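For reference, the structure is listed below as structure tokens.
A short reminder: the numbers here are calculations on the coordinates, not readings from a lab. Just so we're clear, the structure is a prediction, and the values are computed from it rather than from any experiment. Backbone-built Cβ (ideal geometry, glycine too); neighbour counts: all protein chains shown.
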Amino acid sequence: MTPFVLWLSRLSSFAATPAVWGVFFAGAVIYLIAEWRIRLLALLGQYFALGLLFAHLFDTRPELALLKTLVGWLVCGALFLSARTREEATRGALHFHWAADLPFRIITLTVMVLVAYLAAQRYPLPFLTADLSAACFLLLVLAVLFIGTDGDAGVAGLGVLNLLSGLDLFYSAWDPGLLVTGLMVIVTLLAGLAISYLTVAEVAE
């Protein structure tokens, strides 16, 4: 093991718990704030936190963790372009605002995150450490919230991306080979392109 790989392995092990909190805070920002630029910045941060978790998972192959992060950021770039096109088509203005049903969302987010924490403690996933298992349950909960409580196709698409990230963590731990990694990268890219298209098509309709 090279010194760089050893250093990265120690860093990812130390940062695993903060990375789980990073996934949560990014998801909370996406769920509670309705401004699309802030949501995309939060998604960028979430993919960075996921990159740290993948680095902990691929402790001897950090290039795979870097690939996961870069693919996530590439998807964020595609979503940015589609959201910008949508804003220009609707002549929307940049302004910060919370979600309309903010009190309901805060209560729902708190309850669902508590459910994810208890599920991770009571039903730990095989092949995963406690931090990675908690991250998978948290991503699943965020996906349900994004898809189920917002009528915006873009936010529902972010829920799909969160679901894919959770599945990616689990299956990468189960089979850390190049086949699963490549398959999940392709699925994530295709999902990002589909979400970008639907975001623009929703305005055209």
| request: Based on other C-beta atoms within 10 Å, arrange ASP175, ASP168 from fewest to most. | output: ASP175, ASP168
| said: I want to verify a result. In a Gaussian network model of the chain, Cα cutoff 10 Å, which of these has the top mean-square fluctuation: GLY45, GLY27, GLY77? | reply: GLY77
| In sequence order, what are the phi-derived ³J(HN,Hα) couplings for region 160-167 according to the Karplus relation 6.51 cos²θ - 1.76 cosθ + 1.60 with θ = phi - 60°, rounded to whole Hz, with x for glycine and proline? | 4, 5, 5, 4, 5, 5, x, 5
| PHE80, PHE104 arranged by Cβ crowding within 10 Å, fewest neighbours leading | PHE104, PHE80
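Taking the Cβ of each residue in LEU118, LEU145 as the centre, tally the other Cβ atoms inside 10 Å and list the residues starting with the fewest.
Values: LEU118 11, LEU145 22.
So the ranking, lowest neighbour count to highest, is LEU118, LEU145.
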| remark: For the pair THR60 and VAL180, the simple spin-label estimate (label points 7 Å beyond Cα toward Cβ) gives in nm 1.5 nm
| Looking at region 110-149 from every direction and averaging, what is the projected area of its Cα convex hull in nm²? | 2.7 nm²
| request: Determine the equivalent ellipsoid of the chain by diagonalising the alpha-carbon gyration tensor, then write out the semi-axes as square roots of 5 times the eigenvalues, largest first, rounded to whole Å. | output: 29, 20, 14
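Per DSSP helix of 4 or more residues, -39500 (n - 2.57); summed, then divided by the residues of the chain. What does that give at 222 nm, rounded to the nearest 500? Can you show the working numbers first?
On the way: 8 runs with 169 residues, N = 205.
Helices in the chain give a 222 nm mean residue ellipticity of -28500 deg cm²/dmol.
Could you tell me what % of all Cα pairs in region 97-205 have separations over 24 Å? Write down the numbers at each step before the final one.
Numbers: 2051 of 5886 pairs.
Considering region 97-205, 35 percent of its Cα-Cα pairs are separated by more than 24 Å.
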| Between 0 and 90°, nearest 10: helix 130-148 axis offset from the chain longest Cα axis | 20 degrees
| remark: Over all Cα pairs of region 60-159, the Kirkwood radius sets Rh, and Rg/Rh then becomes 1.05
| message | Can you give the FRET efficiency to the nearest 0.05 for PHE127 and ILE38, using r as the Cβ-Cβ distance and R₀ = 41 Å? | response | 0.75
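Projected area of region 21-113, taken from the Cα convex hull and averaged over every viewing direction, in nm²? Write down the numbers at each step before the final one.
On the way: hull surface 26.7 nm².
Reported value for the Cα convex hull: 6.7 nm².
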| message | Can you work out the Karplus-derived ³J(HN,Hα) for every residue in region 56-70? Use 6.51 cos²θ - 1.76 cosθ + 1.60 with θ = phi - 60°, whole Hz, and x for glycine or proline. | response | 5, 6, 9, 5, 9, 9, x, 5, 5, 5, 5, 4, 4, 5, 5
